[in-house]
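Inspection log for the structure reproduced underneath, given as structure tokens.
The values are calculated or read from the model by the stated rules, or taken from the named source; none is laboratory data. What you are looking at is a predicted structure, and each value in this text was computed from that prediction instead of being measured. Using ideal geometry, Cβ is built from the backbone for each residue, glycine included, and neighbour counts are taken over all protein chains shown. Heavy atoms of the whole protein, side chains included, go into the accessibility calculation; ligands, DNA and RNA do not. Shrake-Rupley method; radii C 1.70, N 1.55, O 1.52, S 1.80 Å.
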2 protein chains.
Amino acid sequence: MQISDRIESTLIEVLRRARLEPAPPKLAAALNYSVFPGGARVRPQLALSVSIACGDDNPNLSNSAAVAIELIHCASLIHDDLPCFDDANVRRGKPSVHKAFDEPIAVLSGDALIMIAFEILGISSEAHPHRLPPLIAALGRSGGMPFGICSGQGWESEPSINLSAYHQLKTGSLFVAATHMGAIAAGEDPEPWEELGARIGEAFQVADDVRDALEVSKEIGKPTGQDLAKNRPNAVTELGLGGAIEKLQDILSGAISSIPSCQGEADLCEIVRKQAALLTPINFKKQNL
Amino acid sequence: MQISDRIESTLIEVLRRARLEPAPPKLAAALNYSVFPGGARVRPQLALSVSIACGDDNPNLSNSAAVAIELIHCASLIHDDLPCFDDANVRRGKPSVHKAFDEPIAVLSGDALIMIAFEILGISSEAHPHRLPPLIAALGRSGGMPFGICSGQGWESEPSINLSAYHQLKTGSLFVAATHMGAIAAGEDPEPWEELGARIGEAFQVADDVRDALEVSKEIGKPTGQDLAKNRPNAVTELGLGGAIEKLQDILSGAISSIPSCQGEADLCEIVRKQAALLTPINFKKQNL
């Protein structure tokens, strides 16, 4: 089965269980709405690619680790879109959850997806229980405080902010969790995989900043220019458009060189190259990554 | 160390770690504000009492299980108080988190506490990793969908609702998790402890309904009469005040009889009796529980 099929079929099964009785119908519908159809699923693809490169001896646990990361990502998008944060009407090309449903359902959808993300790791780890402590610790660290998404988002409420720390917390942490958890789920040491996750996360944030500046709103399916409007840190405002694109290419080259020697190294390099091509703005794709 | 000291000192340590650099200062302050000073800490006391009754062979894991439950409870209170739900200005006798800080900080505080609740179980379980899968599954089930707090809260967005199912999801599920997780953390089978959790949870909800009806707002530190104002399900509106109090006493007697035979059975009965006395409305305390 292809990586993307494994991710989608696991998500379908996890969401099917979450919507069983006695789930309230509106919230159940909102969970499905917020997860399907997905975006590029970059994070779970990265996690599962690393699991496969590491031997993938427990595919059920690898799938759950990948999907747990995607669910935390979906939860953060739902909450980020709320009126008290970005007040975004559109996400992935359709009305955001609080617009399609309402604010209570959006708050609860995010909460429920966070809980489900952890729960599926617990449910899937009985064959290898000793892999669960580091999986849970990695997911909690990447989502929470002081090193995760919540911490990054919280910095937006502060009067001043460090660009690099902000990006690392809000975006990088979940990419690092993706490579770490992909390795742990397959029984391998996560540490050699840290740089790959960190670099792809950084590249992803810079690419998003470049897209934001170019206002290619159709591609990312959400209103653009938000960072500028809200005076948030952004690589383009710091380095200029050319500087930001140069930085993006440097980061992605470094990501590929950082991949540790392993059984599935060549396949993983190819997957990362493909992801890199997706990240590169249309006008600059001709340059070789 | 007393049960309450173990809970408070574990909470202090967990929150201290969550506020380390690079935590954003406002969000860090809000986490502390939302957890200290606490309410009655009924759920973690129940969990830790069960762990002790089961032998408490890993006090660190028992403490973390108890505190994980309390953090999920605190998170649900913060989100329930938001303007889009109860719009409550006061919680535990002081301004609610979104009033003392703001809505973004309140949403993030809840999210972060949920993540931290799971994370501390991962961090504390290395000595007994095989206990972690059922601990995580129990916490996820009790907080999420379709069997947990999110599911219960989601039913408030539906046009019609089943009183008993609603209470079981919104309140009962976390009490059942408390007894289950208390037993699992101490290496015991959780199933014999289910009835104790279910009955105390039911009692707690009925007691809250009775207090709500009596409008003893100083005791519970939040505005009362909310259920009536919002036409939410309530044992007093269904059974009358006398009927609800009678039901409360029946449930608590059943809770005490349900305690399984174990080393610490007598101590646990005494703890449950004390909790029961706290739950019983002032005017009815003279009756023997």
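A:ASP87 fulfils the conditions (1) more than 8 Å from chain B (Cβ to nearest Cβ); (2) closer than 20 Å to A:ALA40 by Cα except for a single criterion, (2). For the stretch A:58-84, residues that are buried (at least 24 other Cβ atoms within 10 Å of the Cβ) and charged (D, E, K, R) total 1. Listed conditions (1) at pLDDT 85 or above; (2) in contact with a Lys or Arg (Cβ under 9 Å, 6 or more places away or on another chain); (3) basic (Lys, Arg) are all met by A:ARG199, apart from (2). Taking the criterion of being surrounded by fewer than 20 Cβ atoms within 10 Å (Cβ to Cβ) and more than 7 Å from chain B (Cβ to nearest Cβ), the residues of the stretch A:15-29 that qualify are A:ARG16, A:ARG17, A:ALA29.
Matching residues to (1) open to solvent by 60 Å² or more (accessible area, probe 1.4 Å); (2) hydrophobic (A, V, I, L, M, F, W, C); (3) farther than 28 Å from B:LYS170 by Cβ:
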residue	(1), (2), (3)
B:LEU31	no, yes, no
B:PHE36	no, yes, no
B:ALA40	yes, yes, no
B:PRO44	no, no, no
B:ASP56	no, no, yes
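Per-residue answers, yes or no, for (1) within 27 Å of A:LEU82 (Cα to Cα); (2) within 21 Å of the chain's Cα centre (by Cα):
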{"position": "B:SER34", "(1), (2)": "yes, yes"}
{"position": "B:PRO37", "(1), (2)": "no, yes"}
{"position": "B:HIS73", "(1), (2)": "yes, yes"}
{"position": "B:SER76", "(1), (2)": "yes, yes"}
{"position": "B:VAL97", "(1), (2)": "yes, yes"}
{"position": "B:GLU103", "(1), (2)": "yes, no"}
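Yes/no matrix, rows are residues, columns are (1) more than 24 Å from A:GLU21 (Cβ to Cβ); (2) out of contact with any helix residue (DSSP H, G or I) (no Cβ under 8 Å at 6 or more places or on another chain); (3) facing chain A (nearest Cβ under 7 Å):
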{"site": "B:ARG141", "(1), (2), (3)": "no, no, yes"}
{"site": "B:ALA165", "(1), (2), (3)": "no, no, yes"}
{"site": "B:ALA178", "(1), (2), (3)": "no, no, no"}
{"site": "B:ALA183", "(1), (2), (3)": "yes, no, no"}
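Just one of the numbered conditions (1) without any contact (Cβ under 8 Å) to a residue 40 or more places away in the chain; (2) within 26 Å of B:ASP56 (Cα to Cα) is not true of B:GLY144: (2). Answer yes or no as to whether B:LEU174 is facing another protein chain (nearest Cβ under 10 Å) and surrounded by 22 or more Cβ atoms within 10 Å (Cβ to Cβ). So B:LEU174 fails the test. The set of residues from the stretch B:252-271 being modelled with pLDDT of 85 or more, of a type in the set (A, V, I, L, M, F, W, C) and assigned to a helix (DSSP H, G or I) comprises B:LEU252, B:ALA255, B:ILE256, B:ALA266, B:LEU268, B:CYS269. Can you confirm whether A:ALA137 is buried (at least 24 other Cβ atoms within 10 Å of the Cβ), assigned to a helix (DSSP H, G or I) and of a type outside the set (Val, Ile, Thr)? No: the conditions fail for A:ALA137. Once the stretch A:90-131 is narrowed to residues that are among the β-branched types (Val, Ile, Thr) and assigned to a helix (DSSP H, G or I), the residue that is farthest from the other protein chains (Cβ to nearest Cβ) is A:VAL97.
Restricting the first member to the stretch B:194-205 and to residues that are more than 20 Å from B:GLY243 (Cβ to Cβ), and the second to residues that are surrounded by fewer than 24 Cβ atoms within 10 Å (Cβ to Cβ) and aliphatic (A, V, I, L, M), the beta-carbon pairs closer than 6 Å and six or more apart or on different chains are B:LEU196/B:ILE259. Pairing residues of the stretch B:60-81 that are small (Gly, Ala, Ser) with residues that are open to solvent by 10 Å² or more (accessible area, probe 1.4 Å), at Cβ distances under 6 Å and at least 6 apart in sequence or on separate chains, gives B:SER62/B:ASP56; B:SER64/B:SER124; B:SER76/B:ILE149.
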